[in-house]
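Taking it in order: structure first as C-alpha cells, then the write-up.
The values are calculated or read from the model by the stated rules, or taken from the named source; none is laboratory data. Here the structure is a predicted model, which means the values were calculated and not measured. Backbone-built Cβ (ideal geometry, glycine too); neighbour counts: all protein chains shown.
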Amino acid sequence: MAEAVNNSNATATDFTNWLVQNLQLSFREAYHLTGKIVAYADENNKKLHQLKLTELQKFNKKINKEAKKTFSIKESIKNKKSFGGTSPQSVKQTIKNAIKKYL
C-alpha cells in the first residue's frame, strides 16, 4: 500500500496547504501552482517526492526544504490531527472512543 501511495500524487493537497499557510498564497494561486508542479513532475517521469528543491524553486523561489516534507506520506499521515484523522494520536483516540462505546 505504501508503494502505491508513493507512486501517486496523493500529497499534492498537503503541498497546496503548505503554500497557503507559509507563503500566504490564496488557495486558488496555490492550487494552480501545485497543478503546474504536478504537470512538470509527470512530464519528467518523476513523483512529487522525487523533485529536487531547485526544481520546485523554479516555480516559486520562496519554496524551501520544509515544503519538501509535505511530499512524505509518513508526514502527511502524522499531520492529520483532526477528529477522524490519520495521525497516530487521532487513531488511538478513535480506538479508545470505540472501546468505551462498544465494550
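Does Ile63 meet the test of being modelled with pLDDT under 95 and either out of contact with any His (no Cβ under 6 Å at 6 or more places or on another chain) or exposed (fewer than 15 other Cβ atoms within 10 Å of the Cβ) (or both)?
When the stated conditions are applied, Ile63 does not pass them.
What number of residues in the range 9-33 are in a helix (DSSP H, G or I), among the hydroxyl-bearing types (Ser, Thr, Tyr) and under 18 Å from Asn79 (Cβ atoms)? Explain how you work it out, then say what you get.
As a first pass, look at the range 9-33 and keep what is in a helix (DSSP H, G or I): 12-23, 27-33.
When the remaining residues are screened for being among the hydroxyl-bearing types (Ser, Thr, Tyr), the result is 13, 16, 31.
Remaining after also requiring under 18 Å from Asn79 (Cβ atoms): 13, 16.
Of the residues in that region, 2 qualify.
Give me a count of the residues in the range 34-60 that are more than 14 Å from the chain's Cα centre (by Cα), part of a helix (DSSP H, G or I) and surrounded by 15 or more Cβ atoms within 10 Å (Cβ to Cβ).
Selection size over the range 34-60: 4.
Could you please tell me which pairs satisfy a Cβ distance under 8 Å, a separation of 6+ or placement on different chains, a first residue in the range 35-60 that is under 17 Å from Leu19 (Cα atoms) and outside the structural domain of Ala10 (by TED's automatic domain parsing), and a second residue that is at pLDDT 95 or above and of a type in the set (Gly, Ala, Ser)?
Here the result reads none, with nothing in the range 35-60 linked to a residue that is at pLDDT 95 or above and of a type in the set (Gly, Ala, Ser).
Given the residues Thr70, Thr13, which is the only one that is crowded, with 17+ Cβ neighbours inside 10 Å and either at positive phi or within 13 Å of the chain's Cα centre (by Cα) (or both)?
Thr70
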